[in-house]
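Q: I am attaching a structure below and will ask some questions about it afterwards.
Nothing in this text is a laboratory measurement; each read-out follows from the coordinates by a stated rule. Please read these numbers as outputs of a predicted model, since none were measured by experiment. Neighbour counts are summed over all protein chains in view; Cβ atoms, including those assigned to glycine, are modelled from backbone coordinates with ideal geometry.
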Amino acid sequence: METIAAISTAIGNGGIGIIRMSGPKTFEIIQKIFRTQKKNKIKIEEIEGYTIRYGYIVNAKTEEILDEVLVSFFKNPKSYTKEDMCEINSHGGMIVEQLILEECIQNGAILAEPGEFTKRAFLNGRIDLSQAESVIDIINSKTLQEEKAASEQLQGFLSQKIHGIMDKLLDGMADIEASIDYPEYDEVEVTNEKLMNRLEEVKKDLEGLENSFATGKLLKEGIRTAIIGKPNAGKSSLLNRILKEDRAIVSDIEGTTRDTIEEFVTVKGVPLKIVDTAGIRKTKDKIEEIGVKKAIQVMEKSDLVLVLLDNGTGITKEDEEILNKLGEKKAIILINKTDLEDKHLEKEKILIEKKKPIIKIVAQTGEGIEKLYEKIEEMFHMDEIQADKTIITNLRHKNQITEARKNIEQAMQSIKENLPVDMVAIPIKESLECLGKITGENISEDIIQEIFSKFCLGK
């Protein structure tokens with residue numbers, strides 16, 4: 001297997017940069033390019049794992065010093081990849097990091113592919129596939145809860161849950177195999193009853209994981225939040241206030257926002273994918289009309305709708321049309337511009353009938369925004385996610401669990417129809433294959449390649 005190398009820190013200037021190397025020639029390459037404080041070559045036989053040495057990276061041909069560094073050594077199998085590894089801690093900066101990487105490559109390493117270090121950790125059996133996928137989720141985490149869910153997956157909580165389910169199915173398969181091999185000792189009713197109880201338990205476990213994806217999806221992608229209202233109600237001002245920057249153009253001219261504006265923000269630990277939309281009204285402007293249609297589509301697909309009403313104009317027909325489109329969706333009604341004359345719109349019959357939370361705000365000054373944040377936190381209970389509850393955040397995992405659950409239901413139906421046990425075994429085996437694809441026990445090279453291609457270089 002080739003020895004790989006890559007820059008593991010983000011591109012740009014920084015305090016330190018890390019160049020990572022892994023493979024059978026790691027220490028041989030380091031011996032060529034690393035000099036100790038006394039400018040001597042390091043002896044491979046003296047290298048110990050979990051140690052750090054101070055010295056210099058040099059040009060192997062000219063002995064010119066490239067940088068003053070610290071080198072961390074990890075001996076197989078006690079390393080991230082279960083191979084010989086080292087991490088060169090240099091000064092941060094694009095030039096110096098690139099020079100050191102090139103020196104590693106010129107002396108025997110090859111440039112690593114995206115995610116190849118983690119891929120090797122998986123292929124060498126240090127972690128399973130679901131744990132490997134959690135690494136990229138940790139890197140991409142945007143909230144504490146999302147990082148927590150990914151970290152628990154890296155620790156193997158999901159793997160343990162999946163293997164526990166697989167063990168139950170394997171126990172059931174053992175009973176089936178025994179009844180096939182020794183039919184003279186088989187009591188069909190007893191075997192079927194025992195198997196049905198086990199499958200019921202497995203189905204419940206799978207449904208629990210499957211249902212957790214709704215929470216996991218919100219953690220990973222954010223709560224899709226649409227800001228909806230008629231033109232000039234203050235939608236863009238609200239977006240800017242939440243983002244704490246002038247992201248959207250604010251103008252007294254109606255119809256300024258023609259398209260949607262999407263941004264990600266965290267409010268009291270709640271991840272929001274917030275979308276500012278065009279003002280909803282009837283218009284002859286074709287471009288604005290497209291924006292209005294898009295706004296309605298965004299509202300229909302959102303997890304949360306913030307309906308903005310203009311206190312100054314009162315509730316208009318346009319507002320009534322928007323309110324009537326809400327249905328059972330989670331929504332908060334915001335009465336904006338209450339710093340002028342408060343017309344007490346919250347007492348209007350149509351708002352009372354909608355039974356949605358109502359908050360008075362002044363988007364331009366931020367008055368009432370904290371109450372909005374508190375209401376969002378109350379509605380989504382992100383702080384109640386339990387540490388001992390395994391949450392599915394990965395769509396690939398969710399699809400495999402759904403398929404496994406369907407196969408279990410098929411097996412249960414076969415038992416109810418008194419089909420031969422070998423017919424019952426078929427969907428159980430397919431369910432085991434689905435679960436094996438989550439941990440990487442039954443998965444094609446193409447899927448493995450696709451998963452790790454999403455990683456950054458050096459990870």
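Q: Starting from the amide H of Leu66, placed 1.01 Å from N in the peptide plane, find each other amide H under 5 Å away whose residue is 5 or more places distant or on another chain.
A: Ile57, Val58, Asn59
Q: Next up: Is any helix in the chain, taking whole DSSP H runs, at least 30 angstrom long along its axis by alpha carbon and on average at least -0.5 on the Kyte-Doolittle scale, and which ones?
A: 157-181
Q: Of the listed peptides 18-28, 84-94, 412-422, what is their order by residue-averaged count of other C-beta atoms within 10 Å, with the highest listed first?
A: Ranked by mean Cβ neighbours within 10 Å, highest first: 18-28, 84-94, 412-422.
Q: A further question follows. Got a sec? How would Ser179, Ser141 order by Cβ neighbour count within 10 Å, fewest to most?
A: Ser141, Ser179
Q: Relative to the present Cα-Cα distance, how much length would full extension add between Leu243 and Glu207 at 0.36 nm per residue of separation?
A: Using 0.36 nm per residue and subtracting the Cα-Cα distance, I get 9.3 nm.
Q: Can you tell me how much longer the chain between Thr402 and Gln160 gets when fully stretched, taken as 0.36 nm per residue apart minus their C-alpha distance, in nm with one decimal?
A: Using 0.36 nm per residue and subtracting the Cα-Cα distance, I get 85.3 nm.
Q: What number, rounded to the nearest 500 deg cm²/dmol, is the helix-based mean residue ellipticity at 222 nm of the chain, given -39500 (n - 2.57) per DSSP H run of at least four residues and division by all its residues?
A: The per-residue figure over the chain is -15000 deg cm²/dmol.
Q: Count neighbours as other Cβ atoms within 10 Å of each site's Cβ, and list the trypsin sites (Lys or Arg not before Pro) in region 68-106 that are DSSP loop with at most 11 such neighbours.
A: Of the trypsin sites (Lys or Arg not before Pro), the ones in loops of region 68-106 whose Cβ has at most 11 other Cβ atoms within 10 Å are Lys78.
Q: Please report how far the C-alpha centroid of region 384-459 lies from that of region 1-23, rounded to the nearest whole angstrom.
A: 34 Å
Q: Right, next: Taking every DSSP beta bridge with both residues inside the chain, roughly what % is antiparallel (nearest 5)?
A: About 65 percent, rounded to the nearest 5.
Q: In square nanometres, what is one fourth of the surface area of the convex hull spanned by the alpha carbons of region 4-126?
A: Averaged projected hull area, Cα only: 6.9 nm².
Q: Here's another thing I want to ask about it. Considering amide H positions built from the backbone, and no H for Pro or chain starts, which residues 5 or more places from Ile16, or on another chain, come under 5 Å of its amide H?
A: Those qualifying (amide H under 5 Å, at least 5 residues apart or on another chain) are Gly92.
Q: Between Asp167 and Cys456, what length comes free when the chain is fully extended (0.36 nm per residue of separation minus the Cα-Cα distance, one decimal in nm)?
A: Gain on stretching Asp167 to Cys456: 100.6 nm.
Q: Please report the relative contact order for the chain, taking Cα pairs under 8 Å with a sequence separation of at least 6, and give it as a percent rounded to a whole number.
A: Across the chain, relative contact order equals 16 percent.
Q: At q = 0.14, 0.17, 0.19 Å⁻¹, what base-10 log of I(q)/I(0) does the Debye formula yield for region 320-400 when every alpha carbon is treated as an equal point scatterer in vacuo?
A: For region 320-400 at q = 0.14, 0.17, 0.19 Å⁻¹, log10 I(q)/I(0) is -0.66, -0.83, -0.93.
Q: Could you please rank Ile100, Ile11, Ile448, Ile227, placing first whichever residue has the fewest other Cβ atoms within 10 Å of its Cβ?
A: In increasing order of surrounding Cβ atoms, one gets Ile11, Ile448, Ile100, Ile227.
Q: Tabulate in residue order the Karplus-calculated ³J(HN,Hα) for region 303-310, using 6.51 cos²θ - 1.76 cosθ + 1.60 with θ = phi - 60°, rounded to whole Hz; enter x for Gly and Pro.
A: Calculated HN-Hα couplings, in order: 7, 9, 10, 9, 8, 9, 10, 8 Hz.
Q: With each label point set 7 Å from Cα along the Cα-Cβ vector, what nm distance links Ile65 and Glu221?
A: My value for the distance between the label points is 5.4 nm.
Q: Further question: Non-local amide H neighbours of Asn442 (under 5 Å, H modeled in plane, Pro and chain starts lacking H): which ones?
A: Lys437
Q: Would you mind checking the radius of gyration and Dmax of region 94-243 based on alpha-carbon positions, in Å?
A: Taking only Cα atoms of region 94-243, I get Rg and Dmax of 25.3, 81 Å.
Q: So how far apart, in nm, are the two label points at Asn140 and Lys325 if each is 7 Å from Cα heading toward Cβ?
A: Rounded to a tenth, the inter-label distance reads 3.0 nm.
Q: Counting alpha carbon pairs within less than 8 Å and at least 6 residues apart, what relative contact order, in whole percent, applies to region 4-126?
A: After rounding, I find 32 percent.
Q: For the chain, how big is Rg over Rh, using alpha carbon atoms and the Kirkwood form of Rh?
A: 1.11
Q: Let me ask something else. Ranked by Cβ crowding within 10 angstrom, fewest neighbours first, how are Asp276, Asp67, Asp319 ordered?
A: With the sparsest Cβ surroundings first, the list reads Asp67, Asp319, Asp276.
Q: More than 23 angstrom separation, counting every C-alpha pair in region 303-459; what % is that?
A: 63 percent
Q: While we're here: Between Ile352 and Leu395, take the C-beta separation as r, use R0 = 30 Å, and let me know the FRET efficiency to the nearest 0.05.
A: Efficiency for this residue pair is about 0.15.
Q: State, to one decimal in nm, how far the label point of Glu147 lies from the label point of Leu111, with both points 7 Å from Cα in the Cβ direction.
A: Taking the two extended label points, one gets 3.1 nm.
Q: Also, quick follow-up: Distance from the Cα centre of region 313-343 to that of region 89-132, in angstrom?
A: 54 Å
Q: For Lys459, go through the lysines and keep the ones whose alpha-carbon is under 16 Å away, minus same-chain ones fewer than eight residues off.
A: Once the sequence-local lysines are set aside, what remains near Lys459 is Lys82, Lys119.
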